[in-house]
Amino acid sequence: MRHALVVVRAGFGAELAQLRRSRLLVVLTVIQAVTFLLMVSVFGLTGSRAPTAFVNQDVGGALAQRFAGDLAAAHHSFALRTMSYAQAEDELARGDLVAMITIPPGFSADLASGLPVQISVAIDNVNADLTSDIQRAVPTAILAFSRENNLPGVHVRPVETPLVDHETDFIPYLVVSALALDAFVVAGILGATAVAREFESRTIAGLAVSPTNPLLPLAGRALATSLVSAVAMALTTGVVVAGYGVVPRHPLELAGALLLCVVIFSCIGVAVGGVMRRTLPVASLLFGLALPLYIDSGSLEPERFDGNLIWTIAHSSPVYYAVGLLQHAVHGLRVTPEPMLLDAAALVGWAVLGVGLAGFALRRGVRA
């Protein structure tokens, strides 16, 4: 047992020394993790703030100004820009705007008199998703405006009963989910390259004929990359907390979920490295898998909202359970119908499975 620990420790030290010589790889991998945070932030901002012109032809009308405020307050729907009719028409024709909302002359006076008013909404429907956002948000703003100003004629008013006692904005939701993706990228690539490098340099042949178990020094290398990955994830989490102002509600749960992610994705990386045995292909493969896993695991919204088929498939990915735990740990949200203990148990099961897969792939690689 002591001899095995010595061999693992030697592999651990050798990999740390190799990582010190490959500082550029480590730095670029960590930078890639932070880049994913920025990427999903830009995605959230561009996908939820449709550039919309507001043309007010009711000059001086108090109700028109109030309605503009309700439009601007429609949650993550409009990036409202006040401009002239001619300017709005020109920008809409050029494709710089998603929509153009025009308030007609006499808007405030007609409403005060109880007369019906027609608001013109011109939509560039080249993008169905943004168009749907506009179509949903305008009626919502009209209802809010009518309720606040006690206007006649609106006989049906929605009564909202929130199931969650606090609001979570889209960007903070996205960046927390991105932590699971970051763990996949950092831990997976470092673990895979550490093993694939042994095959590329053919040092694996020497390990195969050594008197000790060849898996032990490789295990030490995997532990070293896992340690570096855990440090990288701590730095990335610090960016989320300090840069985005997202304060975890359950810090220990967050730490535990991220550590499980590091273990799982390190083992998956080791398994991929043992099968492919080339550093460049494994990095390309893991980068290619990152976004599909991220998108199809409830990272943008609870996966159960996307239909039973996709939701069922998502259960086969550890990212699904990781996102569930991370969202609960940071925002206090239940985005999976499974209890948090079941999500945690699933991640532990994935960690055990990952260790088994890594060992199986390495044994096959050494024998080959």
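Tabulated results
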quantity	calculated
Calculated FRET efficiency for the pair A255/R147, C-beta based, R₀ 41 Å, to 0.05	0.40
Using a Förster distance of 25 Å, the FRET efficiency for V348-R136 (Cβ separation, nearest 0.05)	0.05
Gained length - T35 relative to R304, 0.36 nm times residue gap less alpha-carbon distance	94.1 nm
S146, S113 arranged by Cβ crowding within 10 Å, fewest neighbours leading	S113, S146
D96, D165 arranged by Cβ crowding within 10 Å, fewest neighbours leading	D165, D96
Gain on full stretching of the segment that runs from D90 to R202 - 0.36 nm per residue minus C-alpha separation	33.9 nm
Spin-label model distance (nm) - T168 vs V59, 7 Å beyond Cα toward Cβ	4.8 nm
Listed peptides 278-291, 239-252 by packing density, highest first (mean Cβ within 10 Å)	278-291, 239-252
At R0 = 30 Å, FRET efficiency that the Cβ-Cβ distance of Y244 and A72 yields, to 0.05	0.85
Extended-chain gain in nm, criterion 0.36 nm per residue less alpha-carbon gap, R363 and I119	80.8 nm
Local net charge near I31, Cβ-Cβ under 14 Å (Lys/Arg +1, Asp/Glu -1)	0
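Coordinate-derived values only; no laboratory data. Just so we're clear, the structure is a prediction, and the values are computed from it rather than from any experiment. Backbone-built Cβ (ideal geometry, glycine too); neighbour counts: all protein chains shown.
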